[in-house]
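Everything on this sheet refers to the single structure shown next.
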Amino acid sequence: MENVIIIGSGPAGYTAAIYAARANLKPLMFEGLTPGGQLMITSDVENYPGFDKAITGPELMDVMRKQAERFETRFITKNVTKVDFSKRPFKIWCDEEMYEAQTVIVTTGASAKWTDVTGEKRLMGKGVSACATCDGAFFKNMDVVVVGGGDTAMEESSFLTRFAKQVYLVHRRDEFRASKIMQNRVLNNPKIKVLFDTVVDEIVGEKGVTGVKLNNLKTKEKSDLKCEGYFVAIGHKPNTDIFADFLDLNETGYIVTEPGSTRTNVEGVFAAGDVQDHVYRQAVTAAGTGCMAALEAERFLEAHGAH
């Protein structure tokens, strides 16, 4: 019987593990088959406090994992395949193996939706990004392309105008899905050029992005556009499928937590990081909620005499 099981890794999971381990809860973490979360595809991180020089996403995750390990967090590098949160102790399965826990912290994160255009995977972290706030500063005085048509695309495009020389917003339809106020902000910004009815056929470049091949869906006209950055802004999908039967999710699939807390609708189950945060989605905010979840799990165990 475990005091606390953490499902997922990344900044939220590792921080929760550090706090839970230091509280002598002996946490067990299922870090997934690809540990570290979205930061594993981020090249340089310059906005995480405590590092005066840029650190790569994988390096940052490695440091956090080692810190959790130092306090005797145990790791299982497998994906959780099924859960039962209907009563305590909670049950968690990795294929056929079943584990039980008094409390659970869910930190399975969210995955950026990608366009699967030729060149996208190959140039990921070399000019291809899904986070303008993370990577925008690397594109000072450069031309960048943003793909999308919702609020995310509007926000990312507007943010990138602080750094980029020119932002090209590519959208496959003839109108945006975004809210009117966000659309107006983009359409009235001289640094953003909108290309409606257009898709990217290919991202070009060897060691980094040098351009894109465009295709106008209405006129069938094909063209080349020089750029150094390619931002995918078509949203994120939270990794919550296995929890849908037990935890309250919002309309886009994020776990609903009580305001100012990481508590879910199931007593003893907590959620931290991008799996419940569709607003900020930063490493530092994920780490913050990971800390909150561990503290709340500790209090829960004390209140229920389980620890």
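Note down the relative contact order for the chain as a percent, whole number, built from C-alpha pairs under 8 angstrom at least six residues apart. Write down the numbers at each step before the final one.
Working: 713 pairs, mean separation 66.2, N = 307.
Rounded, it is 22 percent for the chain.
Suppose only helical runs count, i.e. DSSP H with n ≥ 4. What mean residue ellipticity at 222 nm does that imply for the chain under -39500 (n - 2.57) per run, divided by all residues and rounded to the nearest 500 deg cm²/dmol?
Roughly -7000 deg cm²/dmol at 222 nm, from the helical runs in the chain.
Using only the Cα atoms of region 65-183, build the gyration tensor, take square roots of its eigenvalues as a ≥ b ≥ c, and label the shape rounded, prolate or oblate: rounded if a/c is under 1.5, else prolate if a/b is larger than b/c, else oblate. Display every interim value, and only then the final one.
Numbers: a/c = 2.75, a/b = 2.09, b/c = 1.31.
Cα axes put region 65-183 in the prolate bin.
Quick check on region 114-232: take the gyration tensor over C-alpha atoms, sort the square-rooted eigenvalues as a ≥ b ≥ c, and tell me if it's rounded (a/c under 1.5), prolate or oblate.
Values: a/c = 1.65, a/b = 1.12, b/c = 1.48.
Oblate, since a/c reaches 1.5 and b/c is not below a/b.
Just how large is the dipole of region 114-232 about the Cα centre, in debye to the nearest 20, putting +1 at every Lys and Arg Cβ and -1 at every Asp and Glu Cβ?
200 debye
Taking 7 Å along the Cα-to-C-beta vector as the label spot, tell me the V256-E202 distance in nanometres, rounded to one decimal.
Each label point lies 7 Å from its Cα, and together they span 4.8 nm.
Just want to confirm a number: the relative contact order over region 114-232, from Cα pairs under 8 angstrom separated by 6+ residues, in percent. Intermediate results must be reported in sequence, preceding the final value.
Numbers: 259 pairs, mean separation 38.1, N = 119.
Result for region 114-232 is 32 percent.
List the lysines whose Cα sits under 24 Å from the Cα of K82, skipping any in the same chain fewer than 8 residues away.
K82 reaches K26, K91, K113, K237.
If you average the alpha carbon positions of region 158-214 and of region 58-110, how far apart do those two centres end up, in angstrom?
Here the answer is 39 Å between Cα centres.
Once you charge only the Cβ atoms, +1 for Lys and Arg and -1 for Asp and Glu, what is the size of the charge dipole of the chain about its Cα centre, to the nearest 20 debye?
It comes to approximately 820 debye.
In what order do V199, V170 fall by count of nearby beta-carbon atoms within 10 Å, going from fewest to most?
V199, V170
Given a Förster distance of 22 angstrom, what is the FRET efficiency for E72 paired with H304, based on the Cβ-Cβ distance and rounded to 0.05?
Given R0 = 22 Å and the Cβ-Cβ separation, E is 0.45.
Where a Cα-Cα gap under 16 Å defines reach, which aspartates and glutamates qualify for K165, not counting those fewer than 8 residues away within the same chain?
Cα-Cα hits under 16 Å: D135, D143, E156, E228.
Running Debye on the chain with equal point scatterers at the Cα sites and no solvent, what base-10 log of I(q)/I(0) appears at q = 0.08, 0.15 Å⁻¹?
Values returned for q = 0.08, 0.15 Å⁻¹ are -0.40, -1.10.
Between R185 and T210, what is the label-to-label distance in nm when each label sits 7 Å out along the Cα-to-Cβ direction?
Each label point is offset 7 Å from its Cα along the Cβ direction, giving 3.5 nm.
If a helix is a whole DSSP H run, which ones in the chain reach 24 Å or further along their own axis (Cα) and hold a mean Kyte-Doolittle hydropathy of at least -0.5?
Span-like helices, by this rule, are 283-303.
Of the options A271, G205, T107, report the single residue whose Cα projects farthest towards the positive end of the charge dipole of the chain (beta-carbon charges: Lys, Arg +1; Asp, Glu -1).
Going by the charge dipole, the pick is G205.
Read the figures in this text as sums done on the coordinates, not as results from a lab. Just so it is clear, the structure is predicted and the values come from calculations on it, not from any experiment. Neighbour counts run over all protein chains shown; Cβ positions are idealised from the backbone, glycine included.
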